[in-house]
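Okay, so here's the structure we're looking at.
The values are calculated or read from the model by the stated rules, or taken from the named source; none is laboratory data. No experiment lies behind these values; they were computed from the predicted model shown. Every residue, glycine as well, gets a Cβ built from its backbone with ideal geometry; the counts of neighbours run over all protein chains shown. Quick note on the areas: whole protein, heavy atoms, side chains included, nothing else; ligands and nucleic acids left out. Shrake-Rupley method; radii C 1.70, N 1.55, O 1.52, S 1.80 Å.
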Amino acid sequence: MYLIAHRGLDNHKYSENSLKAILTSLNEKYIDGVEFDVRITKDKKIVLIHDAIIDFISDGSGIVKYKSFDELNSFKYGKSNEPLSTLEQVLDSIKTNKIILIELKEFGNDFVLLVDETIKIIKKYNLNIYVSSFNYKLLNYIKDKDKNIKCGLIIGYGLNSLYLKNKFDFNIVSYHYINKIDKNKLTFIFNASKNNINDKNYLISDNCFEIANLTKK
């Protein structure tokens with residue numbers, strides 16, 4: 001069993017998708033990697049944030065891609081009131097070969113700039129990076145740009161059920177689809193719980209420490 005900290009969350013006090021959350025989780029022996037989300041700002045910075053708008057996760061208001069990085073960082077985010085981090089800041093700080101699973105958050109067709117800027121950044125680092133998205137076209141575009149980037153489709157919440165068999169390197173699925181996908185391909189299970197514990201599973205969870213403790217008993 002392999003445990004991936006969803007948005008860097010685990011048994012700590014830090015906000016989701018924050019640098020401190022990611023580094024703290026990676027420092028835990030029972031955690032095999034972290035997952036986090038990225039979006040692009042008005043000034044082409046790739047930042048770690050899940051929501052397209054900041055109103056519900058900060059003390060500010062607005063849409064990420066219409067604000068500059070400095071504008072966004074005039075606000076505080078999450079439960080620990082932290083600033084946003086850029087993808088480069090995070091990757092610069094990681095000194096491990098554990099899995100770094102990056103979800104590109106763009107559902108429409110306006111993904112080219114996000115992908116191009118993200119590829120520029122990740123190619124600078126000799127890290128164990130995996131790139132994922134709900135957007136099938138986005139992943140196709142990445143593969144056309146660089147076939148060596150490890151890409152995976154997220155399948156669940158009613159999305160991408162037509163692509164259970166696909167050409168990408170791995171899948172990220174809800175447990176509902178676990179027996180319907182290519183079993184020869186690396187698979188991550190999201191929203192993982194104690195019911196998903198299996199020696200071969202890669203589990204993405206907010207509570208890796210709880211799952212790890214269950215396996216000790």
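Count of region 180-194 residues, restricted to those that are closer than 21 Å to residue 211 by Cβ and surrounded by fewer than 18 Cβ atoms within 10 Å (Cβ to Cβ), is 4. Reported count of residues in region 60-81, each being open to solvent by 20 Å² or more (accessible area, probe 1.4 Å), within 21 Å of the chain's Cα centre (by Cα) and not charged (D, E, K, R), is 6.
I'm checking my understanding of the structure. Among residues of region 2-30 that are touching a Leu at 6+ places or on another chain (Cβ under 8 Å) and over 24 Å from residue 134 (Cα atoms), which one is least open to solvent (accessible area, probe 1.4 Å)? The extreme case among them is 25. Within region 184-205, is even one residue β-branched (Val, Ile, Thr), touching a strand residue (DSSP E or B) at 6+ places or on another chain (Cβ under 7 Å) and over 15 Å from residue 3 (Cα atoms)? No: zero hits. The single condition among (1) without any contact (Cβ under 8 Å) to a residue 60 or more places away in the chain; (2) in contact with a Gly (Cβ under 6 Å, 6 or more places away or on another chain); (3) more than 21 Å from residue 188 (Cβ to Cβ) that residue 51 does not meet is (2). Among the conditions (1) open to solvent by 40 Å² or more (accessible area, probe 1.4 Å); (2) touching a residue at least 60 places away in the same chain (Cβ under 8 Å), the only one that residue 145 does not satisfy is (2).
Criterion applied to 166, 201 was being open to solvent by less than 70 Å² (accessible area, probe 1.4 Å), under 27 Å from residue 18 (Cβ atoms) and of a type outside the set (Ser, Thr, Tyr), and the one residue passing it is 201. Have a look at 118, 215 and point out the one that is touching a residue at least 40 places away in the same chain (Cβ under 8 Å), among the β-branched types (Val, Ile, Thr), part of a helix (DSSP H, G or I) and under 24 Å from residue 16 (Cα atoms). Of 118, 215, the one residue that is touching a residue at least 40 places away in the same chain (Cβ under 8 Å), among the β-branched types (Val, Ile, Thr), part of a helix (DSSP H, G or I) and under 24 Å from residue 16 (Cα atoms) is 118.
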